[in-house]
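Visitor: Questions regarding the structure given below will be posed in turn.
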Amino acid sequence: MTTTVAPTTAAPAQPSGRPRAANFLRMLPLSPAIGLMLVFLAGPIIYCLYAAFTNMALTGTGAADVKFVGLENFRKAFGSGAFTNAIWLTLVFTLISAIIGQNTLGLGLALLMRKSNRIIRNFVGTSVIGAWVLPEVVAAYLLSAFFNDEGTLNVMLHAVGLPGQDWLYAAPIIAVSLANIWRGTAFSMLVYSAALSEIPKEIEESAEMDGAGGWRRLLFVTLPMITRAIMTNLMLITLQTLSVFGLIYAMTRGGPGTKSQTLPLYMYEQAFSFSQIGYGTAIALVMLAIGAVFSLIYLRGLNSEAA
């Protein structure tokens, strides 16, 4: 007699709570950092989004009775000549001091240090990084002494028979742009020094053996191989330069008049000097949008390079 054994069906496995508990335990050490970011980063951003659409002020009606005003602050900003002037000066300041100045000079110094001996590398590195680590107010004081009517620049010009002038009055946006170049070039130099050190020497030696000169090797070998570093550096220094406040404020306070009043200084004046917190916060959101546009441009360049 043959007995048939019915196949046994395994009971479905019960979901275990252990993986979820393990993930929770792994996230637990991060909870203080996440809490701090929510309080000190996300919190102010949310508050700014709220304040930008209100008539919030430090004094007067806006201090006692905060009301929702919609897009009024933004209409007021884009209808103001002072705001348009601040945007223009911000773009000029960023173009001269970051995109052209710090980026180009940083790359040049990195190339120089790569080809020079140890003494020159130490001297250049110490000099450039020394300017970078100076407190912003100290750097502003030194550059004010350099550019003013009786400063070092005019002394050198008079020594070679050229006329001098008060550069902080005659060309303030150029003066503060050069000051920012002097102070911030070290970052670009370090980024490019690290990128250049990753280029295999065999590639450049092969290009040299094929008859490529120094400029051709730079344009067609070196720069294409450090494109990602270039785009990353441009994004970082652009965002940093857009928010420069202390250096310009200590050197010119945005003057004379509004000739060096970039968006951070204009925002500070409206929010704290004129007590218009809502309007000043709206300007801050415009600054955030400008930074986001630059970031998207650079990130698109990085993505196209990766592809």
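The values are calculated or read from the model by the stated rules, or taken from the named source; none is laboratory data. Source: prediction; values computed, not measured. Positions of Cβ are generated from backbone atoms using ideal geometry, with glycine treated the same way; all protein chains shown enter the neighbour counts. Just so you know, the surface numbers come from the protein's heavy atoms only, side chains and all, with ligands and any DNA or RNA stripped out. Shrake-Rupley method; radii C 1.70, N 1.55, O 1.52, S 1.80 Å.
Visitor: Just from its helices, what would the mean residue ellipticity at 222 nm be for the chain, if runs of 4 or more DSSP H residues each count -39500 (n - 2.57) and the sum is divided by every residue, rounded to the nearest 500 deg cm²/dmol?
Guide: Here the helix-only value at 222 nm equals -20000 deg cm²/dmol.
Visitor: What is the gain in length, in nm to one decimal, between M225 and A63 on full extension, counting 0.36 nm per residue of separation less the C-alpha to C-alpha distance?
Guide: 52.8 nm
Visitor: Test of understanding: in a Gaussian network model of the chain with alpha carbons linked when under 10 Å, which of Y141, Y192, Y268 would top the mean-square fluctuation ranking?
Guide: Fluctuation is largest for Y141.
Visitor: Could you give the accessible area per residue of the chain, probe 1.4 Å, as a whole number in Å²?
Guide: That works out to 60 Å² per residue.
Visitor: Using a Cα-Cα cut-off of under 24 Å, which lysines could be cross-linked to K67, ignoring same-chain neighbours fewer than 8 residues away?
Guide: K76
Visitor: Check cross-link reach from K259 to the aspartates and glutamates: straight Cα distance under 17 Å, and skip same-chain residues fewer than eight apart.
Guide: By straight Cα distance, K259 reaches D166, E269.
Visitor: Order these peptides, 31-37, 100-106, 126-132, by their mean beta-carbon neighbour count within 10 angstrom, highest first.
Guide: Highest mean packing first, the order is 100-106, 126-132, 31-37.
Visitor: Let me check against my output: what whole-number percent is the relative contact order of the chain, with C-alpha pairs under 8 Å and at least 6 apart?
Guide: Computed over the chain, the figure is 27 percent.
Visitor: Give me the net charge for the shell around W167: Cβ to Cβ below 14 angstrom, other residues only, Lys and Arg +1, Asp and Glu -1.
Guide: Within the 14 Å Cβ shell, the charges total -2.
Visitor: Any lysines with Cα under 28 Å of the K201 Cα? List them, leaving off those in the same chain fewer than 8 positions away.
Guide: Filter leaves K115.
Visitor: At most 15 other C-beta atoms within 10 Å and a DSSP loop state: those are the exposed GluC sites (Glu not before Pro) I care about. Give me the longest piece of the chain that has none.
Guide: Maximal segment without exposed cleavage sites: 1-149.
Visitor: Tally up the carbon and sulfur contribution to the accessible surface of region 82-305 as a whole percent, 1.4 Å probe, everything protein left in place.
Guide: Roughly 67 percent of what the probe reaches on region 82-305 is carbon or sulfur.
Visitor: Same structure, new question: Do you know the relative contact order of region 31-190, to the nearest whole percent, from alpha carbon pairs under 8 angstrom that are 6+ apart?
Guide: Once divided by the residue count of region 31-190, the mean separation gives 24 percent.
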